[in-house]
Structures are given as structure tokens and as C-alpha cells.
1. Report the residue count in the range 276-289 for those that are assigned to a helix (DSSP H, G or I), open to solvent by 60 Å² or more (accessible area, probe 1.4 Å) and not charged (D, E, K, R).
2. When you look at Ala210, is it more than 17 Å from the chain's Cα centre (by Cα) and more than 16 Å from Val78 (Cα to Cα), yes or no?
3. So, in the range 164-185, exactly how many residues are surrounded by 17 or more Cβ atoms within 10 Å (Cβ to Cβ) and in a helix (DSSP H, G or I)?
4. Looking at Ser284, is it among the small types (Gly, Ala, Ser), in contact with a Phe, Trp or Tyr (Cβ under 7 Å, 6 or more places away or on another chain) and at pLDDT below 90?
5. Do you know which of the residues in the range 90-118 that are within 17 Å of Thr161 (Cα to Cα) and touching a Phe, Trp or Tyr at 6+ places or on another chain (Cβ under 9 Å) is least open to solvent (accessible area, probe 1.4 Å)?
6. Ala190 - would you say it is at pLDDT 85 or above and open to solvent by 50 Å² or more (accessible area, probe 1.4 Å)?
7. Just give me the residues in the range 210-227 being in contact (Cβ under 8 Å) with a residue 12 or more places away in the chain, open to solvent by 50 Å² or more (accessible area, probe 1.4 Å) and in contact with a Leu (Cβ under 9 Å, 6 or more places away or on another chain), in sequence order.
8. Only one residue in Asp292, Asp303 is among the acidic types (Asp, Glu), open to solvent by 60 Å² or more (accessible area, probe 1.4 Å) and assigned to a helix (DSSP H, G or I), so which one is that?
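The values are calculated or read from the model by the stated rules, or taken from the named source; none is laboratory data. All of these numbers come straight from a predicted model, not from anything done at the bench. Cβ: placed from backbone, ideal geometry, glycine included. Neighbour counts: every protein chain shown. In case anyone asks, the SASA skips ligands and DNA or RNA and just uses the protein heavy atoms, side chains included. Shrake-Rupley method; radii C 1.70, N 1.55, O 1.52, S 1.80 Å.
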Amino acid sequence: MSGLLALLDDVAAIAKLAAAQADDVAGQAAKATGKIAGAVLDDAAKAGAKAAGVVIDDAAVTPKYVAGLPAARELPIVLKIARGSIYNKLAILLPAALVLQWLAPWLMTPLLMLGGAYLCFEGAEKIHHLIWPQVDHGPQEAETLSAAHLEERRVKGAIKTDFILSAEIMTIALSAIESDNFFIEAIILAVVAVGITAGVYGAVALLVKADDFGLHLAEEGRTEAGRAVGLKLVAAMPSVMKAIAGIGTAAMLWVGGSIIVHGLHELGWHGLYDAVHHAAEAISHGVAIGSDFFGWLTTAALDGALGLALGFALIPAVEAAAPKLAALFPEKQAAEAPAD
């Protein structure tokens, strides 16, 4: 009997030890999970912040696709574009970026620079059109197409534009991720994709409906102050949209120029990087208050100026190449031609 009791006591001791070990494993797993989640969110925040310039431009570009369409269709159109955007990021660009980094990581910097050059071109082209305005063919398009056909074309055009901007966002985000784990990188990119898409198109939805809200407030407001706020909101929205477009253009040039400068530096050509770095240091050391801010501002301004110069240099080349590229896809042009 005493032997049986001793055996039971040993079993109980083993059970206690096993429970303690299981508790320790669970605690360590929880800590590890917390650390991984924290690292994922931290890297996602860093990656999203690094792509901020492209994000701002994405938000600035999208509202033009609902211009001239019925107010009731604005939010459904934004939702369609957002769905296309999330599909671009998660189904096409995320796996493509990860596979490319796995098979040919040396291509990431040149591809990032190619995207940076595109941003410089886009930003410079906007400024070029501002200085030398071109005829806007929007009304003719609206007159020749039915509302449904026009909406379909606008959505397709927005999703195509979003694809280019999303490719740049995902590439910039991937370059900012510090983890070497394939699955962690995939999770971080997915978090960035969903977060940026929700943020951009949520902001776009608010922007395109702000004037309608202001009008409703001006007409239905219960107080004089409320109605006055509504009128001011309606009056302010055109200026707000112009300001956002301007910020988006500046952000494109800054981010594009920065990508080119850092890319050249990584490829072994240090001249531009060193010049910008030394100028920022000189400015930051020359001020007593806000040295970090003025150093950053100098870097951003010089990167933006270099981006603008590169963009203007690319405009003639792109204009010369565009007809030749269009000639390679005559069936696409026919498919997109306005209906009679």
C-alpha cells in the first residue's frame, strides 16, 4: 500500500512539473507572439510612413475620377476603386514583390529607382501642365459616353493608376522591412496594404462627400452658426482639393528624388547623397533651434529639386516614346475608344 502511495505521489509530482513546464511554454509563446506582433506593427508603421509621399499623391489623384458623375454614385465608385486597389496589392503585388526579393534581391534597388523616376516624371508633368495648361477633354468624354460607360471607364482608369502607385508603395514598404522572415514580411506587407488602402480611400470618401455634407448643413442646419459652417465648407472645398493636389505633387518629387539619391548611393555612386547630406548638416548646425527639422527640410527640399530636374528631363523622352508604345497595343486603344 505504501508503495502505491509513493507511486501516486511521484505521479502527482510529475504532473505538477509538466503543468509548470506547460505554463512556462505558454508564457514564453505569449511573450514571443507579443514581440512578433509588436515587431510586425512597428515595421508596418515604418514601411507605411516611408511610403507616405506616394500615399498622399494616391489620395490627391483619386477624387478626379468621380468628377462630373452623379453624387449618388460617388461613394460606390470610390468603393469599386478601393476593391481594385486591395486586389492589386494583395493578389498581385505582394506575392510578386516577395518572390522577386527571394529570387533576385539585387533587382529591388533598380526597380525602386525606376518607380522613383516615375514619381519624378509624374510630379514634373503636373507642374509642366500647371505652367503650360492643356485643353481638358473631360466634358467631351462626358457628352459622348453614357453614365454607366463613363463610370466603368473612370473606375478602370483609376485602378490602372492605382496599380502603378500601389507597386511603388509595396516596393518602398518591402525595402523598409527589417525582418528576414518570409512569412513575417508577408504579414507586414499585408498590414501595410490593408491599412494604406483603408486610409487612402476612407480619406477620399470624406473628401468627395464633404461638399455635399456642407450643402446639407447649409440648407438643413438648425442654427445660424451651423448653416454658416456649411456654406464655408462648400466654399472651402475647391481650395482644399487644390492644396491636397499640391501637397501630393510636392510629396511625389520629394519621395522620388530621395529614392533616386539613396539608390545611387547603394549602387556605389555617392556624389549626390554626400552633397545632400553635407548641405543638411551645414544647415542644421547653423541654427540654434529646430536643427533636426531644418536638416530634414533641407534634405527634402534638395531631394525634391533633384526629383523635379529629373522629371523635367524625362518629359520629352516619355512624350517621344508614348506613341510608339501605344502603337504596340492597337486592340487596347480600339477597346477603350468612346462609343458613338
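1. Step one: list which residues in the range 276-289 are assigned to a helix (DSSP H, G or I), which gives 276-285.
Next, only the ones that are open to solvent by 60 Å² or more (accessible area, probe 1.4 Å) stay: 277-278, 281-283, 285.
Among the residues that remain, those that are also not charged (D, E, K, R) are: 277-278, 282-283, 285.
Residues meeting the conditions: 5.
2. Values: more than 17 Å from the chain's Cα centre (by Cα): yes; more than 16 Å from Val78 (Cα to Cα): no.
The answer is no for Ala210.
3. 13
4. yes
5. Leu93
6. Numbers: at pLDDT 85 or above: yes; open to solvent by 50 Å² or more (accessible area, probe 1.4 Å): no.
No, not satisfied.
7. Within the range 210-227, Asp211, Phe213, Leu215 qualify.
8. Residue meeting the stated conditions: Asp292.
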